[in-house]
1. Charges only on Cβ, +1 for Lys and Arg, -1 for Asp and Glu: so what's the dipole of segment 107-243 about the Cα centre, in debye to the nearest 20?
2. To the nearest 0.05, what FRET efficiency results for ASP218 and GLN33 with a Förster distance of 41 Å applied to their C-beta separation?
3. How far apart, in nanometres, would the label points at HIS146 and GLN130 be if each is projected 7 angstrom from Cα along the Cα-to-Cβ direction?
4. For the pair GLU167 and ILE103, how long in nm is the line joining their label points, each one 7 Å along Cα→Cβ?
5. Taking only the alpha-carbon atoms of segment 36-240, what semi-axes of the equivalent ellipsoid follow from 5 times the gyration tensor eigenvalues under a square root, in whole Å, largest first?
6. Which cross-chain or sequence-distant (5 or more) residues have an amide H under 5 Å from the amide H of LYS173, H modelled 1.01 Å from N in plane?
7. 7 Å from Cα along Cα→Cβ at both THR193 and GLU94: what's the point-to-point distance in nm?
8. When the Kirkwood radius is taken over all Cα pairs of segment 67-163, what Stokes-Einstein diffusion coefficient follows at 20 °C and 1.002 mPa s, in µm²/s?
Amino acid sequence: MLLLPTTTVGPTQTLESDGLVQVQHLSKEVVHQMKYPIAERFKAPQGEGLYTGVPMAFIRLVGCSVGQGVCTACDTNFEKMYPELGGGLYTTEELLAWAGNYIHVCLTGGEPLDRNLLDLVNTLHGANIQVHIETSGTLSPLWLNHMPDRPWLCVSPKPGYLRDMIEMADEIKVILGGLGDGPGWPTVDNALTWAAEGRLVYIQPRNSVLTIDKAAMDEAITVVSKHPSLRLSAQLHKYLRTR
C-alpha cells in the first residue's frame with residue numbers, strides 16, 4: 001500500500017476538515033514507508049537569502065496550495081514528478097541516503113508545507129543535517145509549530161500569508177512587485193515594518209525563470225541602498241546557471 005503524507009499533522013494524527021485532530025495509531029515503520037511525491041532533486045549552492053553560496057541538497061515537493069493562478073510569474077516547476085530531474089516517489093530513508101554528505105537540505109516547492117514533513121525533518125535532523133524550509137507563509141501546520149528543534153524557515157510571503165508565520169520566520173524574502181498582479185502581495189513598507197521588528201528581511205527582484213531581469217535588479221538595489229535595514233537577495237544561482 002502506498003501512503004502519501006498529505007494532510008497529516010503528525011505521525012499519529014490527521015487534521016480533519018473541521019480543524020479537529022483525530023488520533024490514528026500508525027507505527028513508526030508505517031510512517032517510514034510513506035512516500036513523498038518529489039518534483040525534482042538537485043545539489044547546488046543556495047542562491048538566495050542568508051545562506052547564499054552554501055552547498056545544499058534541494059528537494060522540491062510536488063504541488064502548491066497557492067498556485068500559479070496567483071503566482072503568475074512563478075519560476076519553478078512543481079506540478080508533477082520529473083524523473084529526468086530526479087523526481088519520483090521517495091521514502092524518508094531514500095531521501096536521506098540521496099543527501100549523502102551534505103549537511104544542509106532545503107525542502108522547497110511549490111508549497112512544501114502542504115504535506116506533513118515531520119518524519120522527514122526529524123530523520124534529517126537525526127543525521128545532523130540542517131533542514132531549511134522555503135514556504136509562502138500561508139500555512140501554519142501543527143507539526144511545525146510544536147517542534148522543539150525547528151528547521152530554518154524562509155518565508156516568502158504570498159497573498160494570504162499568516163502573521164504567525166512571519167513571526168516564526170528565520171528570514172523573510174519579499175519579491176519586489178510580487179509574482180502576480182493581484183492584491184495581497186507584501187510591499188516595501190511591509191518589509192520595513194518587519195525589519196524594524198528585528199527580523200531578517202531580504203528584497204529580491206522578480207526575475208525570469210533562468211535569467212536576471214536587469215531593470216528589476218536595479219530597482220531592488222535602489223530599494224536596499226535607500227533602506228539599509230533591508231538586504232538584497234540576488235538569486236546567485238541564475239548568475240551561475242545552476243538550478
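Just so it is clear, none of the values below were taken in a lab; they were calculated from the coordinates. Because the structure is predicted, anything quoted here is derived from the model rather than measured. Note that we place each Cβ from the backbone using ideal geometry, even for glycine, and neighbour counts take in every protein chain shown.
1. 400 debye
2. 0.20
3. 2.8 nm
4. In this crude label model, GLU167 to ILE103 measures out at 3.3 nm.
5. Result for segment 36-240: semi-axes of 26, 19, 17 Å.
6. Under 5 Å from the amide H of LYS173: VAL155, SER156, TYR202.
7. Distance between the two pseudo-spin positions: 4.4 nm.
8. 147 µm²/s
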